[in-house]
Amino acid sequence: MRRGLARPLALAVIRSGDRVLVFDVRDRVRGVLGYRPLGGTIEFGERGEAAIVREIREEIEAELVDVRYVETLENIFEYLGRPGHELVRVYEGRLADEALYERETIVAREENGSRFRCVWKPIADFERGDPLYPEGLLELLMRRAPR
């Protein structure tokens, strides 16, 4: 394994009842389809909370409000045949635009302009075995289930 640095990442857990907003993560090398919440790299000098607000604004052109830090997960993984290492700061928040909760899908945009689709996926799907990334996030969601 080549030596590198862990990537600092901020992810947003955005819930709608018993569902969470995620997008597809396909690993064609391993033949696995999993899901991950929106978010991205924390830039140098940027705080995690500012990063997640910026990422949601950039990816789905929406404002994330009531942002709360939850926990940091360490994610060591392999994707497309390459090793990865992330320190993932997990935040909860809600979308200021309530109409977004009514959509079946939300189109998102990567920094390079490519588009991808986000869906409201039931947490029960992950309990039944659909992969949710990063590792440990499902357990975190279960511990913090809305009351």
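Values in this text are rule-based calculations from the coordinates and carry no lab data. Just so it is clear, the model here is predicted, and its values are computed rather than measured. Virtual Cβ from ideal backbone geometry, glycine too; neighbours counted across all protein chains shown.
Consider just the alpha-carbon atoms of the chain and return their Rg together with their Dmax, both in angstrom.
Reported Rg and Dmax, both Å: 14.7, 46.
At 0.36 nm per residue, minus the direct Cα-Cα distance, what do Leu80 and Phe116 gain on full extension? Give it in nm, one decimal, please.
Gain in length upon complete extension: 11.2 nm.
Chymotrypsin sites (Phe, Trp or Tyr not before Pro) within segment 1-68: which are DSSP loop residues with at most 11 other Cβ atoms inside 10 Å?
Phe44
At Asp18 and Arg109, where each label point lies 7 Å from the Cα along Cα→Cβ, what is the point-to-point distance in nanometres?
3.6 nm
For a quick check: sort Thr72, Thr105 by the number of other beta carbons within 10 angstrom, fewest at the front.
Thr105, Thr72
So if each residue of separation counts as 0.36 nm, and I subtract the Cα-Cα distance between Arg143 and Asp66, what length gain in nm does that give?
Residue separation times 0.36 nm, minus the Cα-Cα distance, leaves 25.8 nm.
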